[in-house]
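These notes concern the structure reproduced below.
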Amino acid sequence: MTGNEIRRRFLEHFASREHQILPSAPLVPQADPSTLFISAGMQPLQPYYLGLRRPPAPRLVTCQKCLRTGDIDEVGKTDRHNTFFEMLGNFAPTGDYFKETAIPLAWDLVTKGFDMPVDRLRVTIHPSDDQAHEIWMQQPGMKAELITRLDDNWWGLGLGPCGPDSEIWWDRGKEAGCGRDDCIPDHCDRFTEFWNLVFPQYDQQPDGSLVPLERPAIDTGMGLERISYILQGKSNIFEADILAPLVDFVRESSAKPVTLSERIIADHMRAATFVIADGVVPSNEGRGYVLRRLIRRSAVHARRVGLSAALSQAAALTVSMFRDHYTELVPRERQIKEVVDNETERFARTLEQGMEQFEKVAAKHGNTIPGSEAFRLHDTFGFPLELTQELASERGLQVDEAGFKAAMAAQKERSRRELPNRWVLAKNLPKSGFTGYTELTTKTSIVALRKDGQPSDQAGEGDEVEVFLERTPFYAESGGQIGDTGTITTESGRVRVEDTQKPADGVIAHIGSVVTGEVKVGEAATAAVDVPRRRQIARHHSATHLLHRALRETLGESVQQKGSWVGPDHTTFDIPFNRAITDEELKRINRRVMEKVREALSFHESHKPYKEAVAEGAMHLFEEKYGDVVRVVCFGDWTCELCGGTHVANTADIGPAVIVSESSIGSGLRRIDMVVGEAADELVWRERKLLAELARSFNTGPERLPERVESLRSQLKDAERRLKALSEQLRSAKVKGGDGLAVKTGKVPFVIETVDASNQEELAAYADRYLELVKTGVVTVVAGDQFVIKVSKDLTPEYDAARLAALLGKGGGRPQLARGTLKGSPEEAFKRLEQALT
C-alpha cells in the first residue's frame, strides 16, 4: 500500500465505526501560543479532553500534521527520526469507549485492514494493566508470548490525567537486532513500535495517589512514516514512498551523493513546505527561527553534495506528493517556493562571507573552537551556532557551547546598559488604576512627579514632567495603540499631556509640560483625555479587528497579525505573506470590513482565564505573553480577540474605512495601511478634489481622466521616438561628414574622439556610428569626464574593452563595450591608451 492508501484506509476504518473524520489542524497551535508547533495528534483536541469545548462527535479520527523540533539534530542519523510527520489517531475524549473497544478496533485494522501477520506483531502493556492483558488475549491469533509487560508503558505529565498505555510493535527479524532468541520489544533495533494506545483513566493527586476518572478516555497515535515503511517492506522511513521521491530527487541532482545529506534535505524541505503553507516565514526567533534553521541546514547539505537543483524544487515536489490530501498546499505553492528561494539566497551570502572566517578560526585553535569565536561568527557573519557546530564536527573539532552562551548573555547585558531609557534607574514607580474603558475624565490625585529624570515634589510653569496619578483615563501606549494626550488640571496649575507611556506593568506615566501655575504631589486633580483624538484612535483600533478577520477569510486562516500601529490618523497592520496582495483581494477585504461596519455589530468584552479564551477561538498574538486572566474583545459573534485597547461601542461608529496601501516591509512581511472615520472622510474629500483639479487641467471629466492620460502618454512616447530618430540621424550625419574623424594606425586601427553627448547612452551611440565607419578597430568617445570604449568583435580576444577602460580611469564592462570616468587630465588618459594600441 502507498502512504496515501494507508492514510485513507486508516481514516475509513474508523469512519465506518462511527468516528467523525476531522481535518488536520494547522502546524501552528491555535490554542497554545507557548508551544511552537503541534507535536502530537491529540494536541489540537486538548480543549475537548479538558472539558473546555464540546467535541463535534463522541468519536473522532484524524491524520494530524506534526513537527518536533527536538529531533532536528537526529534526522538522517537514524532510520526513524523525522521533524515533520503525520500522526494517525482515533479518539474518545468524552469516554464514549475505553480499552474494551479501542484494542479490538486497533487489532482488526492491523491484522485485517493492513493484513499484517500475527506472528510478526508484538504488544506491550504496563505491568499493572491486567485489564488490557485480558482484552488482548481475546483477540484472534493472540498468544501470551506475544505480550510483554514494560514499565515504560505509562502516560502522564505529573499531576492530573494519566494512565497506562499499550504499544503495538513490528518484528523486523532476528538479524535486524541483537540476535538473541529471547529478545523483547524495546531491547534493540529488532522491534519497531508503530502504534500507541493511551488509556487516561486516573487523576494523579499531589500525594501520588491515583483517583479513577469518572470518564476515562482514549487517545491513540500511529506514525504514518513508520507504518508505511513497514507495510512497504522497506528498512527505514526514508525508503517509504512518502519520503523516497525527495531522497531520490536529491541523489539524482547531487554531484557527490551522501546518504546523511540526502535524508536531511528530504526531511527538512518537506517540513519547511508544510510550515510555510501554515503561515510561518523565516525570522530570528520562535517559529520563524525553526523554519530558517530547516532551510539553512538544507542549504549547507546541498552545498556539501553539490546539489545542482534549487531547494525550492524539492518544495514543489513535496506539494505534488501531498496535494491530494493537503489541498491547502496547492494555492500556496508559489509563496512556498519564493520563501525558500529568498532564504536560500540570503544564506548563500552569509555562507560566502563567513566560511573564510570559519576556516581561519578552525585552523587557529586546537581541538575546541572557543565560545567567543563561535559568537563572533554568529554576531558578525550570521552563522547560527548549529552551523558552526556542524562544520566543526566535520573537522573533528568541538565548540565551547557554554562559552558561546556566556558571550551571548554578555552582549545582551551590554545592550541593556546602553539602551537609553528614562525609567531604567527609576525604582518603585507608583501604579495607577485605569478608568479609560468607561470614562474619559476622572477625578484623581497626583501621587508622584518626575522632572529631569529625577523624583520631584513640585513642578512649575515651563517644566517638562512625568506625572503619576492614583487613577487615570489615559491609555498608555501598548499593543500597537499609541498613548493618549490631554490635560491634568489642579487648583494651582495645569499640565498638557503630550504622550502616555507604560514604564512597568500597571505603571502609567503622563508625559508633558506644565503650561500654567504649578503642580504638586498630593494635589487633587482632574485628568481629561483629548476626546476627539481618542475617538479616532478607538475607531482605528476597532477597524484593525475587522481587518484581521477579513484578511483571514480572504487569504486563509494561517494569516496572523505580526504587528500593528494604531493612531488617530491611520492604522497599519502587518502580516506574514510572501507575495503582494492583489487589487482584487484588497477590494474584497475592504468590502468585507465595510459590510461589518454597516451591520452595526455591538461591542462586548469579558474577562476569563487565558486557556478558556483561546480554547473558545479568540484570536491572539502567538509571540505575546498574556496573564492568567485576559480581556476578550468581541464585535457581535464575528470576531473575538485578546486585546487591552480602547474601542467603539458599535462597528457603525467606525464610519467609512479605506485601505490606502499594501506594501512589503521585509522578507515575507506585508503591511496594510488603512484610514477610517474622520480621517477617511478627509482622505476621500482630498483625493476627490485632486482628481477634479487634474481632470480640469487635462480638459476632461474625472471619469475620462485615465483615457486622456493614456492618450497623452502615447503622444509623448511618439514624440520621444521621433526625437531619438532625429538625434540618431544628426549623430550619423556628424560622423559620416567627418567632423574631425581621424583613424590612427598602430597595432590595430583606433579612434579617440571628443563629442557632444549628455549621457552614456548617447556616447555609446556615437561609438557605434564610428565603429561602423572603421569596420575593425577600437573606438573611444569622450564627453566631459565620461567615456565609452567599443571594440570590434574580431579584436576582442586580444583587446578587451574592460581592460582598456582601466587605462583611462575608473570603469568596466564587457569585452566589446566598456564605460567609465576619466582619471586625471584627458590628455594624460589618451596618451596611456595610445601607448597600449601602438
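The values are calculated or read from the model by the stated rules, or taken from the named source; none is laboratory data. The structure presented is a predicted model; accordingly, all values stated were derived computationally and were not measured. When we count neighbours, we look across all protein chains shown, and the Cβ atoms used for this are built from the backbone with ideal geometry, even at glycine. Heavy atoms of the whole protein, side chains included, go into the accessibility calculation; ligands, DNA and RNA do not. Shrake-Rupley method; radii C 1.70, N 1.55, O 1.52, S 1.80 Å.
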| Of all residues in the stretch 48-61 being of a type outside the set (A, V, I, L, M) and touching a helix residue (DSSP H, G or I) at 6+ places or on another chain (Cβ under 8 Å), the one that is least open to solvent (accessible area, probe 1.4 Å) | P55
| said: Considering only residues that are open to solvent by 40 Å² or more (accessible area, probe 1.4 Å), over 24 Å from F114 (Cβ atoms) and within 30 Å of the chain's Cα centre (by Cα), which ones fall in the stretch 226-258? | reply: D248, R251
| said: Given (1) open to solvent by less than 10 Å² (accessible area, probe 1.4 Å); (2) without any contact (Cβ under 8 Å) to a residue 24 or more places away in the chain, identify the lone condition not met by L27. | reply: (2)
| request: Identify the residue in the stretch 374-400 that is closer than 14 Å to Q411 by Cβ and either hydrophobic (A, V, I, L, M, F, W, C) or crowded, with 21+ Cβ neighbours inside 10 Å (or both) and, among all such residues, is nearest to the chain's Cα centre (by Cα). | output: L385
| message | Is it the case, given these coordinates, that T78 is at pLDDT 90 or above, within 32 Å of the chain's Cα centre (by Cα) and polar (S, T, N, Q)? | response | no
| L45 being within 27 Å of A613 (Cβ to Cβ), surrounded by 18 or more Cβ atoms within 10 Å (Cβ to Cβ) and aliphatic (A, V, I, L, M) | yes
| query | Does I38 satisfy the condition of being open to solvent by less than 30 Å² (accessible area, probe 1.4 Å), in contact (Cβ under 8 Å) with a residue 24 or more places away in the chain and either more than 23 Å from P164 (Cβ to Cβ) or not in a strand (DSSP E or B) (or both)? | reply | yes
| request: Name the strands (runs of 3 or more DSSP E) wholly inside the stretch 543-638 in which the number of residues that are open to solvent by less than 60 Å² (accessible area, probe 1.4 Å) and either more than 18 Å from P656 (Cα to Cα) or out of contact with any His (no Cβ under 8 Å at 6 or more places or on another chain) (or both) is 3 or more. | output: 571-576, 629-635
| When you look at V110, is it crowded, with 18+ Cβ neighbours inside 10 Å, of a type in the set (A, V, I, L, M) and within 41 Å of the chain's Cα centre (by Cα), yes or no? | yes
| field | Any chance G95 is crowded, with 18+ Cβ neighbours inside 10 Å, small (G, A, S), under 39 Å from the mean Cα position of the chain (by Cα) and in a loop (DSSP other than H, G, I, E, B) | value | no
| Would the stretch 97-112 turn up any residue that is small (G, A, S) and either in contact with a helix residue (DSSP H, G or I) (Cβ under 7 Å, 6 or more places away or on another chain) or touching a residue at least 24 places away in the same chain (Cβ under 8 Å) (or both)? | yes
| query | Looking at A680, A692, which one is closer than 13 Å to P568 by Cα and surrounded by 13 or more Cβ atoms within 10 Å (Cβ to Cβ)? | reply | A680
| remark: The condition from (1) open to solvent by less than 30 Å² (accessible area, probe 1.4 Å); (2) in a strand (DSSP E or B) that T516 misses is numbered (1)
| query | Just wondering, is there one or more residues in the stretch 346-356 that are under 29 Å from A410 (Cβ atoms), buried (at least 16 other Cβ atoms within 10 Å of the Cβ), touching a residue at least 60 places away in the same chain (Cβ under 8 Å) and not aromatic (F, W, Y)? | reply | yes
| request: Consider I276 carefully, then state whether it is β-branched (V, I, T), in contact with a strand residue (DSSP E or B) (Cβ under 9 Å, 6 or more places away or on another chain) and not in a strand (DSSP E or B). | output: no
| field | Residue check for R494: farther than 18 Å from C643 by Cα, basic (K, R) and within 42 Å of the chain's Cα centre (by Cα) | value | no
| query | Among (1) under 41 Å from the mean Cα position of the chain (by Cα); (2) modelled with pLDDT of 90 or more; (3) of a type in the set (S, T, N, Q), which single condition is Q201 missing? | reply | (2)
| Restricting attention to the stretch 683-695, does a residue exist that is within 30 Å of G506 (Cα to Cα) and touching a strand residue (DSSP E or B) at 6+ places or on another chain (Cβ under 9 Å)? | no
| field | Condition check for T327: under 19 Å from S24 (Cβ atoms), crowded, with 19+ Cβ neighbours inside 10 Å and of a type in the set (S, T, Y) | value | no
| message | Would you confirm, using the coordinates I've provided, whether R671 is at pLDDT 85 or above and either open to solvent by less than 30 Å² (accessible area, probe 1.4 Å) or under 33 Å from the mean Cα position of the chain (by Cα) (or both)? | response | yes
| Hits in the stretch 14-24 (condition: touching a Leu at 6+ places or on another chain (Cβ under 9 Å) and open to solvent by 20 Å² or more (accessible area, probe 1.4 Å)) | R17, Q20, I21, L22
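Here's the yes/no breakdown for (1) touching a helix residue (DSSP H, G or I) at 6+ places or on another chain (Cβ under 9 Å); (2) surrounded by 16 or more Cβ atoms within 10 Å (Cβ to Cβ); (3) acidic (D, E):
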residue: V495; (1), (2), (3): no, yes, no
residue: K502; (1), (2), (3): no, yes, no
residue: P532; (1), (2), (3): yes, no, no
residue: A538; (1), (2), (3): yes, yes, no
| query | If a residue has to be open to solvent by less than 30 Å² (accessible area, probe 1.4 Å) and more than 16 Å from D151 (Cβ to Cβ) to count, how many in the stretch 178-187 make the cut? | reply | 1
| request: With respect to G396, determine if the residue is out of contact with any Pro (no Cβ under 6 Å at 6 or more places or on another chain), assigned to a loop (DSSP other than H, G, I, E, B) and either modelled with pLDDT of 80 or more or not polar (S, T, N, Q) (or both). | output: yes
| request: Read through the list (1) in contact with a His (Cβ under 9 Å, 6 or more places away or on another chain); (2) in a helix (DSSP H, G or I), then give the number of the only condition that R534 fails. | output: (1)
| message | Restricting to the stretch 445-470, give me the number of residues that are in a loop (DSSP other than H, G, I, E, B) and either more than 43 Å from the chain's Cα centre (by Cα) or crowded, with 16+ Cβ neighbours inside 10 Å (or both). | response | 5
| query | Does any residue of the stretch 143-152 turn out to be assigned to a loop (DSSP other than H, G, I, E, B), under 30 Å from I265 (Cα atoms) and under 39 Å from the mean Cα position of the chain (by Cα)? | reply | no
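Assess whether T259 counts as being modelled with pLDDT of 95 or more and not hydrophobic (A, V, I, L, M, F, W, C).
No.
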| request: Of the conditions (1) assigned to a helix (DSSP H, G or I); (2) within 39 Å of the chain's Cα centre (by Cα), I135 clears all except one; give me its number. | output: (2)
